[in-house]
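Structure first, then comments.
Nothing in this text is a laboratory measurement; each read-out follows from the coordinates by a stated rule. For clarity, every value in this text was computed on a predicted model and none was experimentally measured. All Cβ positions, even for glycine, are placed from backbone atoms using ideal geometry, and neighbour counts span all protein chains on display.
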Amino acid sequence: MGFLDNLKNKGLLAGDQLKTKVGQFKSKDFAEASMATCALIAAADGSVEPEERAKTAAFIASNDVLSVFNAGDLRESFDKWCGKLTADYDFGKIEALQAVGKLRGKPDQARAVVGVGVVIGGADGDFDPDERKAVREICQAVGIDPSEFGVA
């Protein structure tokens, strides 16, 4: 059984549960943190390749979990974060993690945004080591133990 299957079986990524959680947190901070997370996963290897960016954007637009947000707003935010990571990866990463860090102290929102990152990371069926590292950094930004998501 694969890593993502294990998480699903533990109930951490059950689609309906995650969608319900995301729907509860329909706020600008949560949407920004979610798109910063998606961009961090897309850039997990240190750059945002056009193919990875397009694939992640398509996934965001079609993902049922994120459907509670306006697709145009999500696209604009995702593009903004990808642009920051492309222009200067190190500073873009710091800014993106700061946006995610705004959910620190809001454990339900923090767990939901980490869940979004795990879903994006595994969307292509290959949750690679760089993507796992990005999820660990996201966990650290929000003060959640990465082992809760199996990425410690």
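Ordered from longest to shortest, the equivalent ellipsoid semi-axes for the stretch 28-144 are 17, 16, 14 Å, each the square root of 5 times a Cα gyration tensor eigenvalue. Residue separation of TYR89 and ASP64 scaled by 0.36 nm, minus their Cα-Cα distance, works out to 6.1 nm of gained length. Work out, step by step, the length gained on full extension between LYS133 and GLN98: first 0.36 nm times the residue separation, then minus their alpha carbon distance; give nm to one decimal. Taking 0.36 nm per residue and subtracting the Cα distance, the gain is 10.9 nm. Assuming R0 = 30 Å, what is the FRET efficiency of ASP73 and ASP45, from their Cβ-Cβ distance, to the nearest 0.05? It comes out at approximately 0.65.
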